[in-house]
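Following: one structure in structure tokens, then a few remarks.
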């Protein structure tokens with residue numbers, strides 16, 4: 001594989017398939033933790049660490065994990081790394097851990113991670129999967145950081161906690177609250193629409209996440225295999 | 001009794017899971033196009049939330065805490081929820097085919113819905129008792145239902161509206177959600193007013 005295609009794996013997640021701004025997945029943590037630049041950065045980096053580690057491990061184990069139970073296996077691996085990140089944050093960044101709160105354990109159900117495990121890491125080599133994890137993680141982190149900077153600047157008049165506007169205008173506090181999250185995200189997706197000129201076909205899918213249907217069908221396959229039933233309707237998707 | 005009602009009302013309208021805490025945004029944006037699917041999804045979510053709490057709260061308090069392995073919370077909870085959803089699906093399919101027809105298609109979507117894992121973790125973090133946890137979960141589910149039903153109505157109106165080209169699709173949906181979220185902010189302080 002040439003170095004050119006390695007580079008394209010890396011940049012794919014940052015620009016062309018940016019998980020939040022272009023593919024619109026992983027929206028919950030994106031909206032909730034982008035109240036300030038530092039929160040966004042912390043969440044983005046935590047997710048990136050989990051994504052890289054889980055991508056590497058899943059790609060290493062791709063020939064060992066049986067196909068029918070792969071999704072529960074992936075979830076267990078991801079949950080393990082989330083627990084590690086949770087410990088690290090508690091030990092070294094307690095303030096960040098406190099402000100991110102419940103969204104740290106919720107990294108487990110972030111569609112981006114399970115989606116990349118299913119779509120990329122389970123089919124590609126360890127090195128490529130690591131690169132993909134770095135690219136996707138950077139894309140998510142950059143998007144979160146941008147959104148955090150915008151919301152913090154207009155909502156609180158600060159940048160990374162430093163006051164920058166110095167009473168030039170009174171900050172619109174609502175932008176750091178829930179409605180502002182939806183609104184700024186709407187504007188950002190409109191800008192992305194304009195740039196890509198609608199080339200990327202984006203629509204909210206009913207599933208929300210690529211992995212969700214799969215989990216259901218895999219689990220029912222297990223249950224049916226266990227109950228001795230011969231009917232297999234799992235894997236219809 | 002008052003504290004149960006207060007917890008339920010708070011999570012239903014004041015700190016609504018979707019509109020104030022950003023939990024469960026995927027189904028909120030994805031399944032809210034039609035009213036009947038919005039209602040079906042919300043009822044399934046409420047059902048799974050209460051059921052998941054029924055199982056995860058005792059696991060945390062009776063197994064993880066005494067053994068001092070509460071750091072396994074994330075791993076255990078997500079696997080329990082995934083298994084539980086499957087179990088419910090199988091039971092419904094076998095014994096209540098009519099209900100399965102209604103809710104069945106939504107159940108697999110719920111496993112990785114962050115609102116379900118969120119509510120179970122929230123119950124533990126807030127140190128709720130078993131009864132309070134159940135109220136919290138039920139209230140969160142009903143709050144989800146309220147948000148979904150209102151938003152399905154909004155999106156129905158939006159279909160016939162004249163929207164600027166650049167905002168069509170996702171951007172205008174998010175902006176409508178922002179306005180809905182503003183209106184829910186008006187409820188802040190209501191519960192303290194009633195029970196305080």
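With the Cα gyration tensor of the stretch B:1-127 giving a ≥ b ≥ c as the square roots of its eigenvalues, does the rule (a/c under 1.5 for rounded; else a/b larger than b/c for prolate; else oblate) give rounded, prolate or oblate? Because a/c hits 1.5 or more and a/b fails to exceed b/c, the stretch B:1-127 counts as oblate.
Kirkwood-type hydrodynamic radius, the stretch A:1-156: 15.6 Å, calculated from all non-identical alpha-carbon pairs. Counting only other chain Cβ atoms within 10 Å of each residue's Cβ, the peptide B:179-186 averages 3. For the stretch B:60-196, rounded, prolate or oblate, judged on the Cα gyration tensor with a ≥ b ≥ c (square roots of eigenvalues), a/c < 1.5 rounded, else prolate if a/b > b/c? Oblate, since a/c reaches 1.5 and b/c is not below a/b. Histogrammed with a bin width of 5 Å, the alpha carbon distances of the stretch A:1-81 distribute as 3, 12, 15, 20, 21, 17, 9, 3, 1 percent, first bin at zero.
With distances taken between every two different alpha-carbon atoms, the stretch A:95-137 has a Kirkwood hydrodynamic radius of 11.6 Å.
Peptide B:115-122 shows a mean partner chain C-beta count of 3 within 10 Å per residue C-beta.
Tilt of helix B:170-185 relative to the longest C-alpha principal axis of chain B, in degrees (0 to 90, nearest 10)? Result, in degrees: 70. Counts of other chain beta carbons within 10 angstrom of each beta carbon in peptide A:102-113 average 5.
Classified by the C-alpha gyration tensor, the protein assembly as shown has a rounded form. Its axis ratio a/c, with a ≥ b ≥ c, is below 1.5. Helix B:73-95 and the long axis of chain B differ in direction by around 80°, with both axes built from C-alpha atoms.
Readers should treat all values here as calculations from the given coordinates under stated rules, not as data from a laboratory. Keep in mind the model is a prediction, meaning the values are calculated, not measured. Positions of Cβ are backbone-derived with ideal geometry, glycine not excepted, and every protein chain shown enters the neighbour counts.
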